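These notes concern the structure reproduced below.
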Amino acid sequence: MFDVWKNVLAEIERSIPAIYYKTFFDKTELVSAENGVVTIGTHSPFSKTQLERKYHDIIKKALINNNIKCDTINYEVVSSKPKTNNRNIVQVFKEKTARPKDGYSIETDFSKTNLNPDYTMDNFVVGSNNDLAVSVAENVINNPGKKYNPFFLYGGPGLGKTHLVQAIGNELLKKNPKIKILYAPMSRFYSDFINAIKNKRGDEFSQKFYKLDVLIIDDFQMIIGKEKSQEEFFNIFNELHQKNKQIIVTSDRLPSQIKEVDTRLASRLTWAGAIDLQMPKFEDKCAILKSKAEFEGVEIEDEAIEYIAENVKTNIRDLEGEFKRLLAMSDFRGKTPLELIHEGYISDINKSTRVRAVSPKQVVEKVAKYYQLPVKEMCGKSRVSHIKNARQVAMYILSKELQMSTTKIAYEVGVKDHTTVMHGVKKIEGDLKFNYSLRDQIEEIREKIYG
């Protein structure tokens, strides 16, 4: 009977995206199937909820197709981490999210991987903002040095780039403990390269890299203005790539958008394409926090999670920081997170990024000034490309920052139809996925608005 579960899973796998199959079905099992009552086991409360709410019909259909009577389907958690109390949450959270210590040197201690073992694929939450990146990461884990080589991953700060690339390294190491892997922030690569040159050990420095099977470089944008380091990295890249050794690089933007980077190097880094991590949507943020709560073994109400997800509009790092702060406050006051929220708890992120109230007029003026346009011209009828773009940026910021309706935005920017605003906001949203220059511009405008 239980061998049939493999057939059920195979059918489900064909009907849903691979990312979601791996996330929610990979660790399921058929606990029992008697008299029309089927019990399915999963590894976490969050997965149990997802199976019940999103995949119940798919599961039932697959069971019936495999001749398993299922008048009732129950879901239960068959294995989970032991619960810890809230008093331990702050220290546990720090330990789990700490970056690798800086006490290593590429030059003198090359035998270490420098990977943080806490960064795994199991605790990296998959959502619509990162599912493509996770899919590519899994391909790299299963086929290092093949299709996605180099794997270039880019995105803004705090979106999980470091976690994902180190998770790749840890999974590769798990599969083959003898594999030679190195994780190195670009700033460390640069400083150790300078030390090697100073000590006349430049050849030794590069030779050590040539022995690697996998090289992971984090924060590539830190190479700006460092010509000798670029040249050294270019040579190392070519040597490893010719040997089909896996190269993984992260950056906050595309190589072509980084000034003073050699065009040959920029081109090579995106030979296999470039994948970006995007800002998580509300549902993604809720999933991240639920997963974090399960991983840490703490209890937090769904409404409290939704409150954090709604109020933190920056990045995942701030999201997790707010999660930690609310739980610490909950422990200190001896009340549940939701009780604190009902009593008037205010998101720390909101207080820091929304220091004072901002009017629509101020937003429009700041955008116009940034693009060196008179307000009257930006809010006029001109269809000139750069003026139209500035107007759409103003629409986007009014929508995202002030949560204004499209009708009110239309009035503020001087357009007649709210559908024009909808189009403008959607246009900027689409451009932001690939245009890092535009992301930088909007971030600079935000700083001027709230500064």
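The values are calculated or read from the model by the stated rules, or taken from the named source; none is laboratory data. Quick caveat, the model's predicted, so the values are computed rather than measured. Here the Cβ positions follow ideal geometry from the backbone for every residue, glycine too, while neighbour counts run over all protein chains shown. Just so you know, the surface numbers come from the protein's heavy atoms only, side chains and all, with ligands and any DNA or RNA stripped out. Shrake-Rupley method; radii C 1.70, N 1.55, O 1.52, S 1.80 Å.
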| task | Could you tell me whether the range 294-304 includes any residue that is closer than 23 Å to GLU401 by Cα and open to solvent by 20 Å² or more (accessible area, probe 1.4 Å)? | result | yes
| request: Out of LYS200, LYS161, report the one residue that is under 20 Å from the mean Cα position of the chain (by Cα) and of a type in the set (Lys, Arg). | output: LYS161
| message | Looking at the range 255-272 only, could you name the residues that are open to solvent by 30 Å² or more (accessible area, probe 1.4 Å), within 21 Å of the chain's Cα centre (by Cα) and at pLDDT 85 or above? | response | THR270, ALA272
| Taking interchain pairs and intrachain pairs at least six residues apart, which have beta carbon atoms under 8 angstrom, with the first residue in the range 63-76 and exposed (fewer than 12 other Cβ atoms within 10 Å of the Cβ) and the second assigned to a loop (DSSP other than H, G, I, E, B)? | ASP71/GLY36; THR72/GLY36
| said: With the structure loaded, tell me whether LYS226 is among the basic types (Lys, Arg), surrounded by fewer than 14 Cβ atoms within 10 Å (Cβ to Cβ) and farther than 14 Å from LEU115 by Cβ or whether it fails that test. | reply: no
| Which residue, of LEU212, LEU269, LEU265, LEU254, is within 30 Å of ASP131 (Cβ to Cβ) and touching a Leu at 6+ places or on another chain (Cβ under 6 Å)? | LEU212
| note | Counting only residues in the range 340-369 that are assigned to a loop (DSSP other than H, G, I, E, B) and open to solvent by 60 Å² or more (accessible area, probe 1.4 Å), the one modelled with the highest pLDDT is identified as GLU343
| field | Cβ pairs under 7 Å, 6+ apart, first in the range 197-213 and under 22 Å from TYR183 (Cβ atoms), second part of a loop (DSSP other than H, G, I, E, B) and open to solvent by 40 Å² or more (accessible area, probe 1.4 Å) | value | LYS208/PHE110; LYS211/LYS180; LEU212/LYS180; LEU212/LYS245; ASP213/LYS180; ASP213/LYS245
| Are there any helices (runs of 4 or more DSSP H) wholly within the range 240-330 with 2 or more residues that are more than 30 Å from LYS146 (Cα to Cα) and in contact with a helix residue (DSSP H, G or I) (Cβ under 8 Å, 6 or more places away or on another chain), and if so which? | 282-296, 302-311
| task | Look at the range 145-172 and say how many of its residues are of a type in the set (Lys, Arg) and surrounded by fewer than 18 Cβ atoms within 10 Å (Cβ to Cβ). | result | 2
| Which numbered condition trips up HIS241, out of (1) on the phi < 0 side of the Ramachandran plot; (2) modelled with pLDDT under 90? | (2)
| query | How about the range 121-232: which strands (runs of 3 or more DSSP E) wholly inside it have at least 1 residues that are in contact with a strand residue (DSSP E or B) (Cβ under 9 Å, 6 or more places away or on another chain), among the charged types (D, E, K, R) and modelled with pLDDT of 90 or more? | reply | 214-218
| task | Just give me the residues in the range 203-219 being in contact with a Pro (Cβ under 7 Å, 6 or more places away or on another chain), closer than 16 Å to GLY155 by Cα and either open to solvent by 10 Å² or more (accessible area, probe 1.4 Å) or hydrophobic (A, V, I, L, M, F, W, C) (or both), in sequence order. | result | ASP219
| said: Just the residues that are surrounded by fewer than 23 Cβ atoms within 10 Å (Cβ to Cβ) and either in contact with a helix residue (DSSP H, G or I) (Cβ under 7 Å, 6 or more places away or on another chain) or of a type in the set (Lys, Arg) (or both), please, taken from the range 173-184. | reply: LYS174, LYS175, LYS178, ILE179, LYS180
| task | Pairs only if they're at least six apart or on different chains, beta carbon under 8 angstrom, first in the range 19-33 and modelled with pLDDT of 90 or more, second of a type in the set (Asp, Glu) and open to solvent by 30 Å² or more (accessible area, probe 1.4 Å); list them, first residue then second. | result | VAL31/GLU76
| Failed condition for GLN242, given (1) in contact (Cβ under 8 Å) with a residue 24 or more places away in the chain; (2) open to solvent by 30 Å² or more (accessible area, probe 1.4 Å); (3) more than 24 Å from SER135 (Cβ to Cβ), with all others met? | (1)
